[in-house]
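Visitor: Below are the structure tokens for one structure; questions will follow.
All of the numbers you see were taken from the coordinates with simple rules; none came from a lab. This is a predicted model, so every value here is computed, not measured. Cβ placement follows ideal geometry from the backbone for every residue including glycine, while neighbour counts extend to all protein chains displayed.
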Amino acid sequence: MNIFKIGEPVTILDVLTDKDRRVELQNRLVLENKTWTIIGAKLNIPGPIKNNLVIEKFFKRELINFEKNTPFLLKLKENWLEKKTGPEYFYLAMDKPINVKKYCIKFEQTNQATRLFDLDVHYFEKGQVKDLGRNQLGISGRSCFICGRPAKECARARKHSVEQLQEEVSKLINQDI
């Protein structure tokens, strides 16, 4: 079943506007909770349809597993489920950013479907809001769902069509349901 037949299409402007709002919220959460590590959870969904009931259900169900297995205190601080640009959760985590990021990467690599998750880690250090990425831990970037090459290279070169990517994402989400 193609999960992308239903949903409100978004534009690049919608995605960029949402990114600005997300960064603003994440920065505010870090500044208001300086002793906590902030996790921004979203999905990497190709094409103009970023959200619908199937995508939301998948997102919520997988994050229940994320929460259940978390080795540190975790509090859901904000959730933006019904946004047309895709569902997002924002957590406060009581642990060092490096431990939180390692757990987030482990979750993202749990199975093929959880590879769709993008769990960003933000924290306060030396008077600044910072984020911790895979490369800072010496962990290579994500691989492409279709060919296994570095995903950023495929995205930059537009190596695969949106339809190919959506077909693969539909399979991953449908097999997880």
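Visitor: If you build the convex hull over the alpha carbons only and average its shadow over all orientations, what do you get for the chain? Give it in nm² to one decimal.
Guide: 10.0
Visitor: Quick one: of K57/K130; K34/K101; K5/K75; K50/K152; K60/K126, which pairs are farther than 27 Å apart, Cα to Cα?
Guide: Listed pairs above 27 Å: K57/K130; K5/K75; K60/K126.
Visitor: Starting from the Cα of T35, step 7 Å along the direction of its Cβ; do the same at E125; then give the gap between the two resulting points in nm.
Guide: My value for the distance between the label points is 1.9 nm.
Visitor: While we're on this one: Spin-label point model (7 Å from Cα, Cβ direction): what's the R158 to D20 distance in nm?
Guide: Calculated label separation equals 2.5 nm.
Visitor: Right, next: When only alpha-carbon atoms are used, what values of Rg and Dmax, in angstrom, describe segment 83-159?
Guide: Rg then Dmax for segment 83-159, in Å: 14.2, 42.
Visitor: Sticking with this one: Using 0.36 nm per residue of separation minus the Cα-Cα distance, give me the extension gain between L13 and K68 in nm, one decimal.
Guide: 16.3 nm
Visitor: Quick one: if the Förster radius is 22 Å, what FRET efficiency do K60 and R28 give, using the C-beta to C-beta distance and rounding to 0.05?
Guide: My answer for the efficiency is 0.40.
Visitor: Output the 0 to 90 degree angle, nearest 10, between the alpha-carbon long axis of helix 97-108 and the longest principal axis computed from the alpha carbons of the chain.
Guide: It is inclined by approximately 20 degrees.
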